[in-house]
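Contents: one structure, followed by commentary.
The values are calculated or read from the model by the stated rules, or taken from the named source; none is laboratory data. Since the model is a prediction, treat every value here as computed from it, not as a measurement. With ideal geometry, Cβ positions are generated from the backbone for all residues, glycine too; neighbour counts draw on all protein chains shown. Ligands, DNA and RNA are stripped out before the accessible areas are found, and what is left, the full protein with its side chains, is counted by its heavy atoms. Shrake-Rupley method; radii C 1.70, N 1.55, O 1.52, S 1.80 Å.
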Amino acid sequence: MRIAVTGSIATDHLMVFPGTFSEQFVTDQLDKVSLSFLVDQLDIRRGGVAANISFGLGSLGMNPVLVGAVGKDFADYRSWLERHGVDTRSVHVSETKHTSRFLCTTDRAQAQIATFYAGAMEEARDIEIQAVADRVGALDLVIVAPNDPVAMVRHTEECRARGIPFAADPSQQLARMEGPDVRILVEGAAYLFTNEYETSLLLKATGWSEAEVLARVGYWVKTFGPDGVRVESKDTEPLAVPAVKVDDEVDPTGVGDAFRAGFLWGLHAQLGLERSAQVGCTLAAIVLESVGTQEYTLDRADFSKRVATTYGNDAAAEIESKLRV
C-alpha cells in the first residue's frame, strides 16, 4: 500500500515564562501594549500534521511519501525524516519563504500567547498529486491533512478526478474553512477522521446530518480521547474500540496524528478495521507519554505488551506478526 501524506510541515518553538501574563497588563493601557517576556525555557520540536503522520508510518516500517511545502531551512528536518523511513522527495522547497513555525509562550498559570507563521505552506497549493504518483509508480491512498486550505481543496479534487482513493483529515482547519470547501473535502473520501469536537464543527459547516455524511464516505473514524474510537459506515454496524490506558500523560500534542499513522499502517498490513484501530490507539498512547510529536521510539516487545493488556493476547499476536520495528 503506497500512501502519500499531504499537509503541514512545521517546527514548534515552545517557551516557558516563569511569571503570569496577567500581571504584565495594565488595564487602562491595553490599546498601547508593548511587552517583552524573558523566558527561561525553550524547546524546538519537529511538527506539522503531515510530518507527524509520516514519521509514525515510517517508525512502523512503511515508506510513506510526504507531500508539502517547506523553506530552505528544511535540510536537518529532512534528514531526520528520511532516517525514519519517510520519502521526502515530493516536498516542495520555497525559494523565498521559511518552513512554517508555531511560536508559543506559556506562563506558570498555563495561559498561552502564540503565533503561527504559515510561510512556505502557502505554496503547497502548487503541488500536483499526479506528479507524485508518476514518480513513485502509483498511489493507493492520499491523506489530505490540515494544510493551506486552497491546497487541501485542490488535492481532494485532483484525487477525486483521477480516481485516487483519499482520506479526509480536515482537523483544525474546520474552524477556518467555509461550508462549501468542507463539503468538497468530505465528498467521496474513503476514510474521514474527526475527533469529538471536530465532528460538531464538520456537521455545522456542511449542514449535513451524520447519516448524510456517512452516505458520502467509506468509513468515518471518530476519536474520543480516553473514551476510545468509533468506526462507522452506512453499511455496517458501528465498531467501538477502547483507548489504551496511559499511566503518565505528558503531552497531548500529536496524539491524533499518531492514531492516524497506526490506523493507516494497520490497513497497509491488512489487519482489518478493528485491529487497525487498536494499533492506532496504542501508538497514540505512546505519543501521549512523550514530550514532542516525534520524540518516541518503538519497541516491538513493549508495543505487543500494551496491545495484549488492553485488547488481549490474540490481538497482540496478530499485530506482532506484522510488525517490523
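One residue alone among ALA114, ALA120 is in contact with a strand residue (DSSP E or B) (Cβ under 8 Å, 6 or more places away or on another chain) and either among the polar types (S, T, N, Q) or open to solvent by less than 20 Å² (accessible area, probe 1.4 Å) (or both), and that residue is ALA120.
Could you list, in sequence order, the residues of the stretch 61-94 that are among the small types (Gly, Ala, Ser), in a helix (DSSP H, G or I) and more than 23 Å from GLY262 (Cα to Cα)? Spell out the reasoning first.
First, the residues of the stretch 61-94 that are among the small types (Gly, Ala, Ser): 61, 68-69, 71, 75, 79, 85, 90, 94.
Within this subset, residues satisfying the condition of being in a helix (DSSP H, G or I) are 75, 79.
Selection gives ALA75 alone.
If you check GLU122 against the conditions, is it touching a residue at least 40 places away in the same chain (Cβ under 8 Å) and part of a helix (DSSP H, G or I)? In short, yes. When residues in the stretch 287-323 are screened for being under 14 Å from LEU57 (Cα atoms), out of contact with any Lys or Arg (no Cβ under 7 Å at 6 or more places or on another chain) and open to solvent by less than 50 Å² (accessible area, probe 1.4 Å), 3 of them pass.
Results for (1) part of a helix (DSSP H, G or I); (2) surrounded by fewer than 21 Cβ atoms within 10 Å (Cβ to Cβ), shown as yes or no for each residue.
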residue: THR96; (1), (2): no, yes
residue: GLN130; (1), (2): yes, yes
residue: ASN147; (1), (2): no, no
residue: ALA151; (1), (2): yes, no
residue: HIS155; (1), (2): yes, no
residue: ILE164; (1), (2): no, yes
residue: GLN173; (1), (2): yes, no
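Does at least one position in the stretch 134-142 carry a residue that is in a strand (DSSP E or B), within 25 Å of GLY262 (Cβ to Cβ) and either open to solvent by less than 20 Å² (accessible area, probe 1.4 Å) or touching a residue at least 40 places away in the same chain (Cβ under 8 Å) (or both)? Talk me through it step by step, then tell me what you get.
Here is the first cut: in the stretch 134-142, the residues in a strand (DSSP E or B) are 141-142.
Filter once more, keeping what is within 25 Å of GLY262 (Cβ to Cβ): 141-142.
From what is left, the residues that are either open to solvent by less than 20 Å² (accessible area, probe 1.4 Å) or touching a residue at least 40 places away in the same chain (Cβ under 8 Å) (or both) are 141-142.
Yes, the stretch 134-142 contains a residue that is in a strand (DSSP E or B), within 25 Å of GLY262 (Cβ to Cβ) and either open to solvent by less than 20 Å² (accessible area, probe 1.4 Å) or touching a residue at least 40 places away in the same chain (Cβ under 8 Å) (or both).
The numbered conditions (1) basic (Lys, Arg); (2) within 20 Å of GLY68 (Cα to Cα); (3) touching an Asp or Glu at 6+ places or on another chain (Cβ under 8 Å) are all true for LYS222 except (2). Identify the residue in the stretch 242-277 that is of a type in the set (Val, Ile, Thr) and touching a Ser or Thr at 6+ places or on another chain (Cβ under 9 Å) and, among all such residues, is nearest to ASN63 (Cα to Cα). Filtering first and then ranking leaves VAL255.
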